[in-house]
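The values are calculated or read from the model by the stated rules, or taken from the named source; none is laboratory data. Values in this document were obtained by computation on a predicted structure and should not be read as measured data. Because the Cβ atoms are built from the backbone with ideal geometry, glycine has one as well, and the counts that use them run over all protein chains shown. We work out accessible area using only protein heavy atoms, side chains counted, and drop any ligands, DNA or RNA first. Shrake-Rupley method; radii C 1.70, N 1.55, O 1.52, S 1.80 Å.
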Amino acid sequence: MSPEAKKEKKFALTLPAEELMACGHLACQGCGATLAMRYMLKALGQKTVLCIPACCWAVIDGPYPYSSLDVPIYHCAFETAASTATGVKAGLEATGDTETTVVAWAGDGGTFDIGIQALSGAAERNDDIIYVCYDNEAYMNTGIQRSSATPYGAWTTTTPVKHFKNRPKKDIVAILAAHRIPYIATASVSHPEDFVKKMKKAKDIRGTRFFHVYAPCPTGWKSRPEDTIKLARMAVQNGYFPLYEIEDGEKTTVNLKLKERKPVEDFLRLQGRFRHLKPAEVAAVQAEVDARWERLMRSCAG
Amino acid sequence: MRKVIMGNHALSYGAMLARSQVISAYPITPQTQVVELLSEMCADGTLDAQFIKVESEHSAMASCIGASVAGARAFTATSAQGLALMHEMLHWAAGGRHPIVMGNINRAMAPGWSIWTDQNDSLSQRDTGWMQFYCSSNQEVVDTVIQAFKVAETLMIPAMVILDAFALSHTYEVVDVPDQALVDRYLPPFKPSIKLTPADPRAFGGLTGAEHYMELRYKLQKDMEKAPALIEETGREFGKVFGRELGLVDPYLCGDAEFVFVTSGTAGFTARVAVDELRAAGVKAGNLRIKVFRPFPFDRVREVLGKVKKAAVVDRNCSYGAGGIFYQEVKSAVYGRPGMPPLIGYVAGLGGRDITTAQFKEVAADAMAKAKAEEEIVWIGVKK
Ligand SMILES: Cc1ncc(C[n+]2csc(CCOP(=O)(O)OP(=O)(O)O)c2C)c(N)n1
Ligand SMILES: [Mg+2]
């Protein structure tokens, strides 16, 4: 067997062949969020229902009367992904369907900002849903405005270069962990095997499960569409977006251990949204990444 | 200074010239450019204001209320879903008598998702106690924001300046951007007689029993009743300073008209093309554009309608189970008055569907063929 064939075989074995996402969707070139959906559905399979609030994905799926997905979708209001999903789950159970996986699928704005009340409510009640936040680090649907997931240093239309975002990204995983839900995982479109594996694991857990998925957005990040996977991988490998999971709010496992982390600068320089950053500001980003990494290591040890 | 600007930027310029002190907003299509420009103006120092980038519209309105009660001039802008999410706070702003000015871009409500124009978003807020100004040109938008602050702060009632999605929000027009010195002369700084300050400790909005609550609302209504005259007075004053008068309604060729279209927003300008064409064909048509919806300009509407033989109210909205909302309001304005014409109600252009000149002519033909007013709403341009 040639090395290529070997690789093919491995791919076929690790990622389910089933495609629940068709072509014809409306995403931009190089959209990370689109890949995230594809991988999630590979893991969850056909018996899945999606609740999608306002976000790029509310558009990507296709305009009425089209849909590019082979699972049912309920389009819900921006702030209601978690509570709508909770209601759908209750409604399905009340009518005899206890098997279907109910997923709230929202962007970072719909999760970190306007939807956090509903998410916190569902998590505290431990409602039986999977909540996936695909994080492209701004409000992209409405034309690149900052969210509380926008990282320090980034340009957006509401954080102009002169007043770039000067606060760090909200630590959504820590917030969810504080709710002591059974399962939390981070994932990246650059590591589909890891993502699918964790999603399959989550499928069999009951209660609230939360995924934070890193999904580059060339349009909003001013990066090249062909660099999407590269950027996502760099973010994982330099510790900017580490891959880990937290069980019951306590047991932290790092899924991809990094012996040596590359500097974040190369990653920042591939994105127009960070172009204005001066060396001192790049150093500040690096220091923040280092500190977060240290915290993560400590939480694994402890 | 004359500038070619989009409707959304007309709102931003209005808010800037009014020297808004606190702006708190949340992005939504098709409003985003309003706050993007204001955000830039705050960043580059053109506007000396605090800009709060909140996490939802509910918080946008709540923080405008906080800023206003602290004595600052507050501005925000939103659209559709965002306005609906503010609903609780809209009652709060009006009930608390906080003279906030807000731009709202008329966009159809979900589901299905739509970003295109109709008026159901703002008309659903008609009973919150806000004044509502429906604009139909970018010039009118800039001017109205400035006037709205003046009226709002005089009466301590918040005001919404409303424009159609895309048809106005994203349409570029020549606008005479008023001179700052003149605006300063027209609109004095906001100096509320009471505010939240340790120098004069008061509790605002506490538990209000049946003994007092009704009086608060009576006063709101009484002050709203003063609004039509005040809007006309400040509108004339605006004319003196800037050369453009602002009124409650905007009649077009209504003087000798036998038939009028009653419209609001940009659809009125399409109606005017139809009016011209009908007149060329020998029909004495006219157009009554209602600019101010709250307070409702009862007198001005009756003045025009009292002289015509028939009127067609064309609504870009629908109160399901009752019909077009302007139609309901115009009917109530003429109720029990002698000499008023039969009114026919039409619903058109929901979710951004175009309302064409041909459709206005269809409306005219339909209305003129009808002998009397009808309960049934006529839907224009709908696939049945
Ligand atoms: C109540 C309400 N406010 C605002 C909007 C406008 N809106 C639609 S999508 C969106 C941003 C979504 O950002 P995010 O959740 O990060 O998803 P993305 O677009 O980046 O995929 C906004 C502000 C809305 N639909 N509803
Ligand atoms: Mg986003």
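Looking at region A:116-140 only, could you name the residues that are among the small types (Gly, Ala, Ser) and within 8 Å of ligand 1 (Cβ to nearest atom)? Talk me through it step by step, then tell me what you get.
Kept after step one, since they are among the small types (Gly, Ala, Ser), are these residues of region A:116-140: A:118, A:120-123, A:138.
A:Ala138, the sole residue that qualifies.
Could you pull out the residue among A:Ile181, A:Ile229 that is in a loop (DSSP other than H, G, I, E, B) and more than 24 Å from B:Val54 (Cα to Cα)?
A:Ile181
Check region B:273-294 and report whether any residue there is open to solvent by 20 Å² or more (accessible area, probe 1.4 Å), among the charged types (D, E, K, R) and within 18 Å of B:Asn138 (Cβ to Cβ).
The answer is no; no qualifying residue exists.
Applying the selection to region A:113-141, what residues are open to solvent by less than 10 Å² (accessible area, probe 1.4 Å), within 14 Å of chain B (Cβ to nearest Cβ) and farther than 22 Å from A:Gly87 by Cβ?
Listed by number, the list holds a single entry, A:Ala138.
Name the residue that is surrounded by the fewest Cβ atoms within 10 Å (Cβ to Cβ), counting only residues in region B:359-381 that are of a type in the set (A, V, I, L, M) and touching a residue at least 60 places away in the same chain (Cβ under 8 Å).
If we filter region B:359-381 for residues that are of a type in the set (A, V, I, L, M), which is where we start, we get B:363-365, B:367-369, B:371, B:373, B:377-378, B:380.
Still in the running and touching a residue at least 60 places away in the same chain (Cβ under 8 Å): B:363-364, B:367-368, B:380.
On the way: B:Val363: 23, B:Ala364: 23, B:Ala367: 24, B:Met368: 16, B:Ile380: 20.
Filtering region B:359-381 for residues that are of a type in the set (A, V, I, L, M) and touching a residue at least 60 places away in the same chain (Cβ under 8 Å), the one surrounded by the fewest Cβ atoms within 10 Å (Cβ to Cβ) comes out as B:Met368.
Determine whether A:Ile73 is over 19 Å from A:Asn136 (Cβ atoms) and among the β-branched types (Val, Ile, Thr).
Values: over 19 Å from A:Asn136 (Cβ atoms): yes; among the β-branched types (Val, Ile, Thr): yes.
Yes; evaluated as a whole, the condition is true for this residue.
Please determine whether any residue of region A:196-213 is open to solvent by less than 60 Å² (accessible area, probe 1.4 Å), over 26 Å from A:Ala123 (Cα atoms) and assigned to a loop (DSSP other than H, G, I, E, B). I'd like the intermediate steps shown before the answer.
Initially, region A:196-213 is screened for residues open to solvent by less than 60 Å² (accessible area, probe 1.4 Å), giving A:196, A:198-199, A:202, A:205, A:207-213.
Now restrict to residues that are over 26 Å from A:Ala123 (Cα atoms): none.
Within region A:196-213 (the criterion being open to solvent by less than 60 Å² (accessible area, probe 1.4 Å), over 26 Å from A:Ala123 (Cα atoms) and assigned to a loop (DSSP other than H, G, I, E, B)), the answer is no, since none of the residues qualifies.
I need the full set of residues from region A:38-58 which are within 21 Å of A:Ala118 (Cβ to Cβ) and either within 12 Å of ligand 1 (Cβ to nearest atom) or not hydrophobic (A, V, I, L, M, F, W, C) (or both), in order please.
Step one: filter region A:38-58 for residues within 21 Å of A:Ala118 (Cβ to Cβ), giving A:40, A:48-58.
Hits for region A:38-58 are A:Thr48, A:Ile52, A:Pro53, A:Ala54, A:Cys55, A:Cys56, A:Trp57, A:Ala58.
Mind listing whichever residues of region A:151-163 are in contact (Cβ under 8 Å) with a residue 12 or more places away in the chain and either closer than 30 Å to B:Trp113 by Cβ or buried (at least 20 other Cβ atoms within 10 Å of the Cβ) (or both)? First the steps, then the outcome.
Going residue by residue through region A:151-163, those that are in contact (Cβ under 8 Å) with a residue 12 or more places away in the chain are A:151-159, A:161.
Of everything in region A:151-163, those that are in contact (Cβ under 8 Å) with a residue 12 or more places away in the chain and either closer than 30 Å to B:Trp113 by Cβ or buried (at least 20 other Cβ atoms within 10 Å of the Cβ) (or both) turn out to be A:Pro151, A:Gly153, A:Ala154, A:Trp155, A:Thr156, A:Thr157, A:Thr158, A:Thr159.
So which of B:Ser39, B:Ser59, B:Ser20 ends up being touching a Ser or Thr at 6+ places or on another chain (Cβ under 7 Å) and either polar (S, T, N, Q) or within 9 Å of chain A (Cβ to nearest Cβ) (or both)? Please lay out each step first, then the result.
Values: B:Ser59 fails: touching a Ser or Thr at 6+ places or on another chain (Cβ under 7 Å); B:Ser20 fails: touching a Ser or Thr at 6+ places or on another chain (Cβ under 7 Å).
Matching residue, one of B:Ser39, B:Ser59, B:Ser20: B:Ser39.
Step by step: first the residues of region B:112-130, then only those that are open to solvent by less than 50 Å² (accessible area, probe 1.4 Å) and more than 12 Å from the chain's Cα centre (by Cα), then the one that is nearest to ligand 2 (Cβ to nearest atom). Which residue is that? Talk me through it step by step, then tell me what you get.
First, pick out the residues of region B:112-130 that are open to solvent by less than 50 Å² (accessible area, probe 1.4 Å): B:114, B:117-123, B:125, B:128-130.
Now drop any that are not more than 12 Å from the chain's Cα centre (by Cα), which leaves B:114, B:117-118, B:120, B:128-129.
Numbers: B:Ser114: 21, B:Thr117: 26, B:Asp118: 27, B:Asn120: 28, B:Thr128: 31, B:Gly129: 35 Å.
Going through the qualifying residues, I end up with B:Ser114.
Among the numbered conditions (1) under 30 Å from A:Arg233 (Cα atoms); (2) touching a helix residue (DSSP H, G or I) at 6+ places or on another chain (Cβ under 7 Å); (3) more than 16 Å from ligand 2 (Cβ to nearest atom), tell me where A:Ala106 comes up short.
Evaluating A:Ala106 over (1) under 30 Å from A:Arg233 (Cα atoms); (2) touching a helix residue (DSSP H, G or I) at 6+ places or on another chain (Cβ under 7 Å); (3) more than 16 Å from ligand 2 (Cβ to nearest atom) leaves (3) as the failure.
Quick grid of which residues meet (1) farther than 28 Å from A:Phe267 by Cα; (2) away from ligand 2 (no atom under 16 Å from the Cβ); (3) free of Cβ contacts under 8 Å to residues at least 60 places away in the same chain:
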residue	(1), (2), (3)
A:Ala178	yes, yes, no
A:Tyr183	yes, yes, no
A:Ser188	no, no, yes
A:Pro192	no, yes, no
A:Met199	no, yes, no
A:Ile205	yes, yes, yes
A:Thr208	yes, yes, no
A:Val254	no, yes, yes
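Need a quick list: helices (runs of 4 or more DSSP H) entirely within region B:1-105 having at least 1 residues that are under 20 Å from B:Asp164 (Cα atoms) and open to solvent by 20 Å² or more (accessible area, probe 1.4 Å).
Details: elements: B:7-17, B:32-44, B:57-69, B:80-85, B:87-95.
Once the helices (runs of 4 or more DSSP H) in region B:1-105 are filtered for at least 1 residues that are under 20 Å from B:Asp164 (Cα atoms) and open to solvent by 20 Å² or more (accessible area, probe 1.4 Å), what remains is B:7-17, B:32-44, B:80-85, B:87-95.
Could you list all residues from region B:140-190 that are buried (at least 18 other Cβ atoms within 10 Å of the Cβ) and of a type in the set (S, T, N, Q)?
As a first pass, look at region B:140-190 and keep what is buried (at least 18 other Cβ atoms within 10 Å of the Cβ): B:140-153, B:155-169, B:175, B:177-178, B:183, B:186-187, B:190.
The answer is B:Thr144, B:Gln147, B:Ser169.
Can you tell me which condition A:Ser188 does not meet? The list is (1) surrounded by 24 or more Cβ atoms within 10 Å (Cβ to Cβ); (2) among the hydroxyl-bearing types (Ser, Thr, Tyr); (3) at the interface with chain B (Cβ under 10 Å from one of its Cβ atoms), and all the others hold.
Condition not satisfied by A:Ser188: (3).
Given the conditions (1) within 30 Å of A:Pro151 (Cβ to Cβ); (2) assigned to a helix (DSSP H, G or I); (3) more than 14 Å from chain B (Cβ to nearest Cβ), and given that A:Val103 satisfies all but one, which numbered condition is not satisfied?
The number of the failed condition is (2).
Identify all residues within region B:218-239 that are open to solvent by less than 100 Å² (accessible area, probe 1.4 Å) and touching a residue at least 24 places away in the same chain (Cβ under 8 Å); write none if there are none.
Once the filter is applied, which keeps residues that are open to solvent by less than 100 Å² (accessible area, probe 1.4 Å) and touching a residue at least 24 places away in the same chain (Cβ under 8 Å), region B:218-239 yields B:Leu220, B:Asp223, B:Met224, B:Glu225, B:Ala227, B:Pro228, B:Leu230, B:Ile231, B:Thr234, B:Gly235, B:Glu237, B:Phe238.
Conditions: (1) open to solvent by 50 Å² or more (accessible area, probe 1.4 Å); (2) assigned to a loop (DSSP other than H, G, I, E, B). B:Met214 meets all but one. Number of the miss?
(2)
Under 9 Å between Cβ atoms, which residue pairs at least 6 apart in sequence (or on different chains) link something in region A:56-70 that is assigned to a helix (DSSP H, G or I) with a partner that is of a type in the set (S, T, N, Q) and within 12 Å of ligand 1 (Cβ to nearest atom)?
As it stands, the answer is A:Cys56/A:Thr34; A:Cys56/A:Asn136; A:Cys56/A:Asn141; A:Trp57/A:Thr34; A:Trp57/A:Asn141; A:Ala58/A:Asn141; A:Val59/A:Asn141; A:Ile60/A:Thr34, since those pairs meet every condition given.
Against the condition touching a residue at least 12 places away in the same chain (Cβ under 8 Å) and either part of a helix (DSSP H, G or I) or away from every other protein chain (no Cβ under 14 Å) (or both), how does A:Ser148 come out, does it pass? Talk me through it step by step, then tell me what you get.
On the way: touching a residue at least 12 places away in the same chain (Cβ under 8 Å): yes; either part of a helix (DSSP H, G or I) or away from every other protein chain (no Cβ under 14 Å) (or both): no.
No.
Any residue at all in region B:249-256 that's open to solvent by 70 Å² or more (accessible area, probe 1.4 Å) and over 30 Å from B:Lys361 (Cβ atoms)? Before you say what the answer is, go through the steps one by one.
Going residue by residue through region B:249-256, those that are open to solvent by 70 Å² or more (accessible area, probe 1.4 Å) are B:253, B:256.
Keeping just the survivors that are over 30 Å from B:Lys361 (Cβ atoms) gives none.
Checking region B:249-256: not a single residue is open to solvent by 70 Å² or more (accessible area, probe 1.4 Å) and over 30 Å from B:Lys361 (Cβ atoms).
Answer yes if at least one residue in region A:67-80 is within 17 Å of A:Gly207 (Cβ to Cβ), away from ligand 2 (no atom under 16 Å from the Cβ), open to solvent by 10 Å² or more (accessible area, probe 1.4 Å) and away from chain B (no Cβ under 14 Å), and no otherwise.
No, that holds for no residue.
Can you say whether A:Arg261 is open to solvent by 20 Å² or more (accessible area, probe 1.4 Å) and outside any loop (DSSP other than H, G, I, E, B), as far as the supplied structure shows? Spell out how you get there, then give the answer.
On the way: open to solvent by 20 Å² or more (accessible area, probe 1.4 Å): yes; outside any loop (DSSP other than H, G, I, E, B): no.
Criteria not met by A:Arg261.
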